[in-house]
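A.B. asks: I have a structure I would like to understand better, so I am pasting it below and will then ask my questions one at a time.
The values are calculated or read from the model by the stated rules, or taken from the named source; none is laboratory data. This is a predicted model, so every value here is computed, not measured. Cβ placement follows ideal geometry from the backbone for every residue including glycine, while neighbour counts extend to all protein chains displayed.
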Amino acid sequence: MMKKFCPFCLTIHDFDEPPICPNRVDIDGEHPEIPREYILNYGINKPLWLAAIGFSRHGKTSYIGAVTSVLENSYKFWDDITISYSDQYTDQAIQKIRRLIRERKADAPTRPAYSFGGNDKGDADPETNEQVPRPLIIQVDSIPKFDSRSLVVYDTAGEYFDTLTGIADEASQTGYLKSLKAVKNLWFMISLTDLEKLENSESQGAFGSTVVSGKRKSQNIRDLLNIYFVGMQRMGWDIRGNNLIVVYTKGDKLKGKLPESVMEYLDSDPYGVVAKQVNDYYQPIQREGFDIGTYLKRMAEISDALRDFTKTNIPAGAAFLNLARKYELNVRFTVTSALGADLQGEDKVAIADITSFRVLDPLLWALELDQGELSVTTIKLILDTNTNASASNQVFFLDIQRIIQGLQKIGDEVITYYLGRIKPCAESGRKLPEFPPKQTYPRLLKPLVADDNENSYALVITTAALLDDDDFRTLKSIWKNRLLIVSLDDDYEPAWEPSINFRQGEKVNIIVNQFKKMLQQASN
Amino acid sequence: MEIIFDKSGFPMVKVIPENFWIHLWPITKIQFEFFLCDRPSSTMDSNWYDRVLANNPRITPERVTSKNYWRLFVTGIHPKDELPIFSEWNGSNYSIPTEKEWMSAYRYFSDQDAVMNLKTTLEKSGADKKMDALVPVIAQKLELVLQNRKNGELRFSDQLLMRKGIMEWVRLLGESSEWGGLGVPDSASGWSTSASVLQGRPEVVRVLNIGHYGSRLIRRA
């Protein structure tokens, strides 16, 4: 059976009836309901996971408003296409973005959020209260060449990228940026004119840097990629093979700065112009057909031109490209104008006055490059059932739920087992049994992990020596940096590395952090 | 040589004239542990298995030598209690051999030369099947154990450890509810039982010490 990712917590868990996400709580204190359309169409409308990242006020939100508007009007140039917003949140979020655009407040910081770590009563645990982005979920059927997809779009908060340690600081404490781990298609939204202003601005700190609240402010395109990379590495996540689509936003302000061929391309967007056309009632709709193959070919040529331009004309552009190549990222370039012009004045803007240019390009690149299914990282949490151990050594006195929550920020699914039993005691997202099992199982590990692939990891918590830990000496090449053994017994020091001894009274975060450290070593 | 793999990824070889497969080695602790984890039971729990291991301690394949290799195999299991469940878990066409079946296999494989580089042969056979990752290590270590045997004496049945292995349960001929043992344990194990066995000839013996008895299964085609 196809494993389905929950779009809210980005883990695999059962979708009960009603299908709610047990790991998220919205601002009303309720577990969000997963759109049924998303669940039913999962195998047909394959999800396309997208994250828009970039500095504050560089146009992420305006872009989302623009691309959805063009998609809504895409029936004018693509036969059979349909678009629908899968839940009320998505619909309201997009309407809100358009309202902000009309009120000339599109640059306002975006932080769609709800708390993480809700319990059965829907209360957010204050100690783990974290802000996480809620995705927009949009069903798009019959896209030429790309068939039907379920777009899952995360609009991340720009301030996490504004300083060089921003993403790493926040990601280490919250699950906010877990979407970045799972999503392989990234829109890197960059306003070159805003970067230029920053470079020319005053308030220089030491060594010519700009400082914000004691932290060096990110300044250029390389910094953005570096922030992203450092954050991913700190969490132990592998970014190799990710699709990085650089979107030079606010293209209308780049006249005279970009190569002429690129500006001509930007200004001559056939889709944007047609989408904007307003049809009077009872008048025939002027439909235009465009050959998608020709369009994609031209898009690729422009990407190459922008790549060359980035390398030679953008500060740290060459460094950015080198860094991307080092981490084996698939990089493509686009230029867009979400609003068509700088919206000056104080009166509200009519949507009819806005023409977007080339806003479909980043989406088309994502469709073109997308590898398909998210690769599933499975974490097996394996618990010793031995209740004969002294009370202080029993696994069930630990805050297992907190350990699971910590692991859920790292892996896509966390499945819990009893040592010595192949069948899980709790599938991903399910509650643990209230009491330990009546019988004790032999302290055997190997049968539980025999079939695992390289995307599987195991965390074992045991009260005494494993019967078969010696077998893992031979299996070291397979399980290196994928298995952590935690011993609750000071007299048992596992031969396996990495392993730790844990004492009652210590914070279980130690265990999760050690696990994270192991993953970081695996990804190096 | 035709090789297949059982549910836990361990090799079986075909006794062609009799049209059945038989485990290459007596059932190892690794195989039995897979079964324990997959089919938990209140009788074969942690305490039970601790007693089994107390009688015949576990050893990882990497540490096997000529002085301890029998510790790879599970002993102290009974054909009326644990073994039938293990056999049924493998599949309905698996069973504990009769003495006739065991001896047929012994004679058939005794007519064959030992296989050179058994480890490589197994790796090739198991490449696209679910062979347990430790099988090649066991094959390599047992090859070293058997190297001490005199040249020219080594037969394929020796690689199956039908001599210098452990005592194995067999169903006795004509006595469907009675069990005996076949095999020639290594004298170093201290498990040898009768004079003829000590001379290297497998012979059915009545059970003297269940703690020394293991088994291998056959699978009917």
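A.B. asks: Within the stretch B:1-41, which residues are touching a strand residue (DSSP E or B) at 6+ places or on another chain (Cβ under 9 Å), among the β-branched types (Val, Ile, Thr) and closer than 20 Å to B:Asp113 by Cβ?
C.D. replies: B:Ile3, B:Val13, B:Val15, B:Ile22, listed by residue number.
A.B. asks: Here's another thing I want to ask about it. Across the stretch A:32-56, what is the number of residues that are crowded, with 18+ Cβ neighbours inside 10 Å and either assigned to a strand (DSSP E or B) or not aliphatic (A, V, I, L, M) (or both)?
C.D. replies: Step one: list which residues in the stretch A:32-56 are crowded, with 18+ Cβ neighbours inside 10 Å, which gives A:32, A:34-35, A:38, A:41, A:45, A:47-55.
With either assigned to a strand (DSSP E or B) or not aliphatic (A, V, I, L, M) (or both) added as a condition, the list becomes A:32, A:35, A:38, A:41, A:45, A:47-55.
Qualifying residue count for the region: 14.
A.B. asks: What pairs come up if the first residue lies in the stretch B:31-54 and is more than 7 Å from chain A (Cβ to nearest Cβ) and of a type in the set (Phe, Trp, Tyr), the second is crowded, with 19+ Cβ neighbours inside 10 Å and assigned to a loop (DSSP other than H, G, I, E, B), and their beta carbons are under 6 Å apart, counting only those six or more places apart or on different chains?
C.D. replies: Pairs found: B:Phe32/B:Val74.
A.B. asks: Determine whether B:Leu122 is touching a helix residue (DSSP H, G or I) at 6+ places or on another chain (Cβ under 8 Å) and either within 14 Å of another protein chain (Cβ to nearest Cβ) or not hydrophobic (A, V, I, L, M, F, W, C) (or both). Give the derivation first.
C.D. replies: Values: touching a helix residue (DSSP H, G or I) at 6+ places or on another chain (Cβ under 8 Å): yes; either within 14 Å of another protein chain (Cβ to nearest Cβ) or not hydrophobic (A, V, I, L, M, F, W, C) (or both): no.
For B:Leu122, the condition - touching a helix residue (DSSP H, G or I) at 6+ places or on another chain (Cβ under 8 Å) and either within 14 Å of another protein chain (Cβ to nearest Cβ) or not hydrophobic (A, V, I, L, M, F, W, C) (or both) - is not met.
A.B. asks: Any residue that is surrounded by fewer than 19 Cβ atoms within 10 Å (Cβ to Cβ), in a loop (DSSP other than H, G, I, E, B) and not charged (D, E, K, R) - is there at least one of those in the stretch B:96-109?
C.D. replies: no
A.B. asks: For B:Met103, work out the one condition from (1) in contact with a Ser or Thr (Cβ under 9 Å, 6 or more places away or on another chain); (2) within 30 Å of B:Lys80 (Cα to Cα) it doesn't fulfil.
C.D. replies: Condition (1) is where B:Met103 drops out.
A.B. asks: Right, next: Which of the residues that make up the stretch A:408-450 are charged (D, E, K, R) and closer than 24 Å to A:Lys517 by Cα?
C.D. replies: Let us first name the residues in the stretch A:408-450 that are charged (D, E, K, R), namely A:409, A:412-413, A:421, A:423, A:427, A:430-431, A:434, A:438, A:443, A:446.
Result: A:Lys409, A:Asp412, A:Glu413, A:Lys446.
A.B. asks: Can you tell me how many residues within the stretch A:443-467 are more than 30 Å from the chain's Cα centre (by Cα) and charged (D, E, K, R)?
C.D. replies: Matching residues across the stretch A:443-467 total 2.
A.B. asks: Is it the case that some residue within the stretch B:67-83 is within 12 Å of chain A (Cβ to nearest Cβ), within 17 Å of A:Leu419 (Cβ to Cβ) and surrounded by 15 or more Cβ atoms within 10 Å (Cβ to Cβ)?
C.D. replies: no
A.B. asks: Within the stretch A:391-504, considering only helices (runs of 4 or more DSSP H) that don't extend past its boundaries, which have at least 3 residues that are more than 14 Å from every other protein chain (Cβ to nearest Cβ)? Write out each step before concluding.
C.D. replies: Numbers: elements: A:400-408, A:446-449, A:471-474, A:476-479.
It comes to A:400-408.
A.B. asks: Another question, then. Is there a residue being farther than 26 Å from A:Ala522 by Cβ and at pLDDT 85 or above anywhere in the stretch A:403-419? Walk me through how you get there before you give the answer.
C.D. replies: Of the stretch A:403-419, the ones farther than 26 Å from A:Ala522 by Cβ are none.
Taking every residue of the stretch A:403-419 in turn, none turns out to be farther than 26 Å from A:Ala522 by Cβ and at pLDDT 85 or above.
A.B. asks: Within the stretch B:19-28, is even one residue within 12 Å of chain A (Cβ to nearest Cβ), under 20 Å from the mean Cα position of the chain (by Cα) and more than 26 Å from A:Pro437 (Cα to Cα)? Step through it out loud before you land on a result.
C.D. replies: Taking the stretch B:19-28 as the starting set, the residues that turn out to be within 12 Å of chain A (Cβ to nearest Cβ) are B:28.
Going one step further and asking which of them are under 20 Å from the mean Cα position of the chain (by Cα), we end up with B:28.
From what's left, more than 26 Å from A:Pro437 (Cα to Cα): B:28.
So far as the stretch B:19-28 goes, yes, one or more of its residues are within 12 Å of chain A (Cβ to nearest Cβ), under 20 Å from the mean Cα position of the chain (by Cα) and more than 26 Å from A:Pro437 (Cα to Cα).
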